[in-house]
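Quick notes on the structure that follows.
The values are calculated or read from the model by the stated rules, or taken from the named source; none is laboratory data. Computed from a prediction, not measured in an experiment: that's the story for all the values here. Cβ placement follows ideal geometry from the backbone for every residue including glycine, while neighbour counts extend to all protein chains displayed. Quick note on the areas: whole protein, heavy atoms, side chains included, nothing else; ligands and nucleic acids left out. Shrake-Rupley method; radii C 1.70, N 1.55, O 1.52, S 1.80 Å.
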Amino acid sequence: TEGTERTADTKIKISEGKAESWANMSPEVRESIAQQARDQWANMSPTDKELFRKKASDAVRLAAKEGSKLEKHVLQELVKAGYRVEFHKEHLLLNERLQLDLFLPTIDVAIEIDGPSHFLPIWGNKTLQRNKRADSQKNGLLLTRGIIVIRIKQEGTLSQKYKRDLITKLVGLLKEIEVKKPPLGQRYIAL
């Protein structure tokens, strides 16, 4: 079916069906798929493994500079929903090196999208602890200034269903914030 054109509704139905299939997959089948991936990695040549690692490192550096796929998707969808969004906002706080993934100035909301390096030791435990400390400091600085902080923990794959569900939840939350800002002690929100 490669190259087959489908309507948006058909794509959504396929996406929902695939997500349901993964959600209902038995642990044995899931483990079998994981083992196939481990075997594929084990059978790669050292040169191919090194090339794979280099591409992964390059992609991480590029995402840090230009924004991750999820950051760009959330930006695009929030703009479509009518929000004014500042992408990779700098100089909002005294710490000039501090950069916000997304900032909605009209409702004082900072949205941080945390990839796996914010909660898994992808680059080692030392780096993970440094990332967690930096995230906590950033949260504190923003909250002290009265800015609402929404942290999105990007787990798993960026399926179309995941992105649709995330945007639905995020826009719903932003609409609630527009009507009534949460009390000071509830201005940190994890999605």
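With respect to the stated conditions, L100 fails to be in contact with a Leu (Cβ under 6 Å, 6 or more places away or on another chain) and either of a type outside the set (S, T, N, Q) or in a helix (DSSP H, G or I) (or both). A single entry from K163, K126, K132 fulfils the requirement of being among the charged types (D, E, K, R), under 19 Å from L70 (Cβ atoms) and out of contact with any Pro (no Cβ under 9 Å at 6 or more places or on another chain): K163. Kindly indicate the residue of the stretch 126-143 that is closer than 15 Å to R97 by Cβ and in contact (Cβ under 8 Å) with a residue 12 or more places away in the chain and also most open to solvent (accessible area, probe 1.4 Å) among those meeting that condition. Among those that are closer than 15 Å to R97 by Cβ and in contact (Cβ under 8 Å) with a residue 12 or more places away in the chain, it is L141. The set of residues from the stretch 67-89 being touching a residue at least 40 places away in the same chain (Cβ under 8 Å), surrounded by 14 or more Cβ atoms within 10 Å (Cβ to Cβ) and of a type in the set (A, V, I, L, M, F, W, C) comprises L70, V74, L78. For the stretch 91-103, the set of residues classified as open to solvent by 70 Å² or more (accessible area, probe 1.4 Å), closer than 19 Å to G146 by Cβ and not aliphatic (A, V, I, L, M) consists of H91, N95, listed by residue number.
Screening T106 with (1) over 20 Å from Y188 (Cα atoms); (2) of a type in the set (V, I, T); (3) exposed (fewer than 12 other Cβ atoms within 10 Å of the Cβ) gives one miss only, at (1). Which of the residues belonging to the stretch 155-185 are farther than 15 Å from I107 by Cα and not basic (K, R)? E155, G156, T157, L158, S159, Q160, Y162, D165, L166, I167, T168, G185 - these are the residues of the stretch 155-185 that are farther than 15 Å from I107 by Cα and not basic (K, R). Of all residues in the stretch 153-164, exactly one satisfies the criterion of being open to solvent by 70 Å² or more (accessible area, probe 1.4 Å) and part of a helix (DSSP H, G or I), namely Q160.
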